[in-house]
């Protein structure tokens, strides 16, 4: 419980710092994999060029924030992104992630990390490769979910077809019964009126006598 609260507080603080970043500040690039060593990280960092002045958000040029290279899973854990963002602390033995829509680096609520310390800097995520392992399993789960959802959808359509057919039969049956009842009522009324008409002369003759 305390760990979850710590993570949520950390996300809120991170969001407050980075929520005003524009899209041009992000320069996010979807990649197939992330560096697995400090050497590979430095090479990708150099190629990304986060330290180049034009790659720094104009709104923060006069601030003390330093934009550095990151390679992180996204918030859905189904892709990895390279992005220039200020480093931030990740709390609660969680993996770092890049929230593409929120444009913020944050502690992942879904991606728990057994080997991660309680508090570490986001640029050190390459040390904890298990944070990237969930991506392949997420894709498999995503595929399974798609198949399962399709099956459920088809089953749903079949069920609704059966329900619609039953409702149609019920509606026709009710209509036929209603018509039959109305017909019987009209028939009885006609017979009753005929009896009354045929009985009137008899009543008159009796009263005259």
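The values are calculated or read from the model by the stated rules, or taken from the named source; none is laboratory data. Computed from a prediction, not measured in an experiment: that's the story for all the values here. So basically every Cβ, Gly included, is an ideal-geometry build from the backbone, and we count neighbours across all protein chains shown.
With respect to residue 24, is the statement that it is at pLDDT below 95, outside any loop (DSSP other than H, G, I, E, B) and surrounded by 13 or more Cβ atoms within 10 Å (Cβ to Cβ) true? Taking the combined requirement at face value, the residue does not satisfy it.
Which of the following residues is buried (at least 21 other Cβ atoms within 10 Å of the Cβ), over 21 Å from the mean Cα position of the chain (by Cα) and within 22 Å of residue 42 (Cβ to Cβ): 125, 105? Going through 125, 105 in turn, just one is buried (at least 21 other Cβ atoms within 10 Å of the Cβ), over 21 Å from the mean Cα position of the chain (by Cα) and within 22 Å of residue 42 (Cβ to Cβ): 125.
For segment 108-120, residues that are touching a strand residue (DSSP E or B) at 6+ places or on another chain (Cβ under 6 Å) and at pLDDT 95 or above total 2.
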